[in-house]
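Worksheet: the structure to be examined is printed underneath.
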Amino acid sequence: MNTRLVLFDFDGTITSKDTLLAFIVFSHGKVRTLLGALVLSPYLIGWKLRLIKNQAAKEKVLRYFFRGESRASFDNRCMAFSAHKISRIVRPEAMRLIEDYKRLGARVVVVSASPENWVQPWCNNWKIDCVATRLEYDQDVLTGKITGINCYGEEKVERIKQLVRLDDYEVITAYGDSRGDHEMLALAHERHYRSLNNG
């Protein structure tokens, strides 16, 4: 039996900022991002007030900014963002923890609602597992929709269970910072909610 499984949310836990917003700014610049936020404000407000589901609001954002882009173009930009921008918003304490857990032989898994297109390359660089939202393509062109269910809330739990057998681990530790992490945190023996937010 393995000793420990460690589950980390990504946005707001490992990073200090939301990476979807950071990626939009990286892709389109601040002015176009702000204009888009104004156009999308009814959906964003509805999501904040819990009148619109997380996935529906996210798909509105994805369609507005990325629908019609080729997979190759999008993935190339995601790789550049992952390689050059994410490191600037990663919490140093989160990285120290990840390295400590790896040295102890723990299995570390990042579980994110952000698209795997930039989270997966970042995780690959640190040799840790990744579970993240998958985007939909039609003939290698982005549709602006999510494949299946946004990796948020209960879906985080389902995706974790697809990756690992929880009973194989003596101790499960989880780190999160938002309501989308509550179900994942409930899986754990050791739960850390917003413990890195000052790091």
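What follows draws every value from the coordinates through simple rules; no lab data is involved. These figures come from a predicted structure and were not determined experimentally. When we count neighbours, we look across all protein chains shown, and the Cβ atoms used for this are built from the backbone with ideal geometry, even at glycine.
A few remarks follow.
- Projecting the Cα atoms of Ala186, Ile149, Thr15 onto the dipole axis of region 2-193, where Lys and Arg carry +1 and Asp and Glu carry -1 at the beta carbon, places Thr15 farthest toward the positive end.
- Estimated inter-spin distance, Ile149 and Arg32, nm [label 7 Å along Cα→Cβ]: 3.4
- Extended-chain gain in nm, criterion 0.36 nm per residue less alpha-carbon gap, Gln162 and Leu21: 48.0 nm
- For region 177-199, the residues whose amide N sits under 17 Å from a probe point set 7 Å from the Cα of Glu93 along the beta carbon direction are 177-178, 191-199.
- Solitary cysteines of the chain, where the nearest other Cys Cβ is not under 4.7 Å: Cys78, Cys151
- For the chain, a simple Cβ point-charge model (Lys and Arg +1, Asp and Glu -1, everything else neutral) yields a dipole of about 620 debye relative to the Cα centre.
- Estimated 222 nm signal from helices in the chain, with DSSP H stretches of n ≥ 4 weighted -39500 (n - 2.57), rounded to 500: -15500 deg cm²/dmol
- Listed residues Pro121, Pro92, Pro42, most fluctuating in the chain (Gaussian network, C-alpha, under 10 Å): Pro42
- Top positive-direction residue, dipole computed over region 2-193 with Cβ charges, set Val119, Thr133, Ile86: Ile86
- The simple spin-label model puts a point 7 Å past each Cα toward its Cβ; for Ala186 and Ile45 those points are separated by 3.2 nm.
- The chain: antiparallel DSSP beta bridges as a percent of all, rounded to 5: 15
- Rough spin-label spacing in nm, given labels placed 7 Å along Cα→Cβ, for Lys53 and Met79: 3.4
- The peptide list 101-109, 57-65, put in order of mean Cβ contacts within 10 Å with the highest first, becomes 57-65, 101-109.
- Per-peptide average of other Cβ atoms within 10 Å, ordering 128-136, 8-16 highest first: 8-16, 128-136
- Region 1-63: C-alpha gyration tensor shape, a/c 1.5 cut-off, then a/b vs b/c: oblate
- Gap separating the Cα centres of region 124-181 and region 2-19, nearest whole Å: 11
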